[in-house]
Structure formats: structure tokens, C-alpha cells
Amino acid sequence: MYVACSTLCFAKHTLDSALRTIREMNFAKADVALHEDGPHLRPSDLTGDLTKIAQKLKAANVAIAAFHARFAQHDGLETRKQFRGVCRLGRLLTVPVVSVQAAAKGGDFDADVAKLQDWVSIAAAEGVILTVETNSSTLTADPLAAVELCKRAPGLGLTLDPSHYMTGEHGPQDYDKLYPFVKHVRLRDSAAKPESFQVRIGLGELEYGKIVTNLDQFRYDRALTVDVRDMPESAFPVEPEVRKLKYLLESLV
């Protein structure tokens, strides 16, 4: 296992500046957000010259652990085209994992399975692993549903974000059954109160040591991404918390 950093930790920066900061903080790799409504690269940007985009990212001199993709529309031909572009960029940059969201909570489970089966094939053709993130606003809000998605779409993995099981509608929840399917991890500190999704490191209730131990039991050897979001409503400076979580996680691996 190694410690990476999400570009969303520096959402107020340009992408170049965010990657430079991640490099200067000596993270092993970056977790690059490609959000259509985000501050940096967007999936809709990837329908043009991917080689030029890949060269620009390579110039940042930071290896990439994963792409964190969110699209304007959950499904459809244009979204499928953009997803293929994300995977192709992943191949050009040897990015191993592409993470997406499952359908919204209460959505059509069978339809999402069919879509994810198709997307697993697209990702595999480009040599990357597709994961869905655990998120309290999607079908993966229920850990058992997250497991069922993976079973019904062979090759699909999970990006574990335990904060969503700490502060979600039914939290705290037991998510131990997810570990065999975890292919990527994103972490911050959180408490059980709904308003405590992101708190200062050490003031929350996430047991990082237990998470690392459980991952190790299933021979997880990928990234632990520091994902302390630089949000407008944040009650504290983010960069010191990014450093604290980096050092904490490095002490555990």
C-alpha cells in the first residue's frame, strides 16, 4: 500500500498547481478528479486530442493512481463515449483504476448492472479496472447492494470511501463485507453526526488502523488516497489536515 492525494484537496488551485503541490508534498501518486462540474479536467474535454492532454499530465511529473470520474449524465451514448475517453487516457498514462458513481439511491438496480457490465468491458479493453465508489447518495449506500453490483458485473471493483458509511442516513454501518472487492480507497476523518462528514484529523471516529489491517488481509496493495476536500464551507484550512493524514497513513503502511 502507498499514500496518494486527491486533486480535490486543492480544488481552488488550477490542475497544474494542484499536481505541483501534491508532488512538492512528496505523495507517491495523485488521484485525479475528472468531474464535469469540477474545478479541473472534465470528461467532456476528453473527446478531442487525448495525446495532448496526456502529455500535459505527464509534464506534471506525478504518477497517477486513479481517475475519479463524474459525468453530467449518469448514462447514455454521450456519457459512454466520455467514459471510453477516460479509460483511453488511463491507458496512455498507465492509470490502473477508473472510479465512477453507481446510480442514485432508489434507482433501477438491474439497469445499472447492465450499464456497469458494459463499462467493465470498455475499461478492460483499455487495460484499466472499473470501480464504483461507496457513496451514501447512490445504490452503494447499502453495503450489501455494493457487493451485489460487483457480483453481477464480474470484474467490477469498489472504491471504498468509509466516510459515507459513518455519516450516511443509516450510519455508522458495518462494511466489512466490502473488503474482498476493494480496488481503491479514499479517506478523510469523519464522525457519526450528519454535519461531520469531514472533520479535522483526529477529531473523527474512523479507525484507520483497522481499515489498513482489513485491507491487508485481502492483500490490497494499491493506494490509500488522502481526500480532504477543499470545499467553500470548510471550517478549517485543508492543507495542514492533508499533511496530517498523509503522515498518519504512512505510519500505518
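The values are calculated or read from the model by the stated rules, or taken from the named source; none is laboratory data. Note that the coordinates shown come from a computational prediction; the quantities given were computed from them, not determined experimentally. All Cβ positions, glycine included, derive from the backbone under ideal geometry; neighbour counts span all protein chains shown. Note: areas computed on protein heavy atoms with side chains; ligands, DNA, RNA excluded. Shrake-Rupley method; radii C 1.70, N 1.55, O 1.52, S 1.80 Å.
A few notes on this one:
- Test: residue in the stretch 38-51 that is closer than 16 Å to LYS244 by Cα and surrounded by fewer than 20 Cβ atoms within 10 Å (Cβ to Cβ): no
- Check on LEU57, more than 28 Å from LEU19 (Cα to Cα), touching a strand residue (DSSP E or B) at 6+ places or on another chain (Cβ under 9 Å) and crowded, with 20+ Cβ neighbours inside 10 Å: no
- You will find that of ALA69, ALA65, the residue that is closer than 16 Å to ALA123 by Cα, out of contact with any helix residue (DSSP H, G or I) (no Cβ under 9 Å at 6 or more places or on another chain) and open to solvent by less than 10 Å² (accessible area, probe 1.4 Å) is ALA65 and no other.
- Contact map, the stretch 94-121: residues that are farther than 15 Å from SER137 by Cβ and without any contact (Cβ under 8 Å) to a residue 24 or more places away in the chain paired with residues that are open to solvent by less than 60 Å² (accessible area, probe 1.4 Å) and among the small types (Gly, Ala, Ser), Cβ distance under 6 Å, separation 6+ or inter-chain. No pairs are found.
- Inter-residue pairs, beta-carbon under 6 Å, first crowded, with 23+ Cβ neighbours inside 10 Å and in the stretch 1-24, second among the hydroxyl-bearing types (Ser, Thr, Tyr) and part of a helix (DSSP H, G or I), 6+ apart: PHE10/THR21; ALA18/THR7
- Taking the numbered list (1) open to solvent by less than 10 Å² (accessible area, probe 1.4 Å); (2) more than 15 Å from the chain's Cα centre (by Cα) in turn, GLU78 passes all entries but (1).
- Restricting the stretch 226-238 to residues that are of a type outside the set (A, V, I, L, M, F, W, C) and more than 19 Å from ALA192 (Cα to Cα), the residue that is most open to solvent (accessible area, probe 1.4 Å): PRO232
- Qualifying residue in the stretch 129-147 (condition: farther than 20 Å from ALA102 by Cβ and touching a residue at least 12 places away in the same chain (Cβ under 8 Å)): no
- Given (1) under 23 Å from ALA18 (Cβ atoms); (2) in contact (Cβ under 8 Å) with a residue 60 or more places away in the chain, number of the condition ASP216 does not satisfy: (1)
- Positions within the stretch 239-253 being open to solvent by 70 Å² or more (accessible area, probe 1.4 Å), free of Cβ contacts under 8 Å to residues at least 12 places away in the same chain and closer than 12 Å to GLY202 by Cβ, in sequence order: TYR247
- Selection count where residues are crowded, with 20+ Cβ neighbours inside 10 Å and in contact with a strand residue (DSSP E or B) (Cβ under 6 Å, 6 or more places away or on another chain), scope the stretch 88-97: 3
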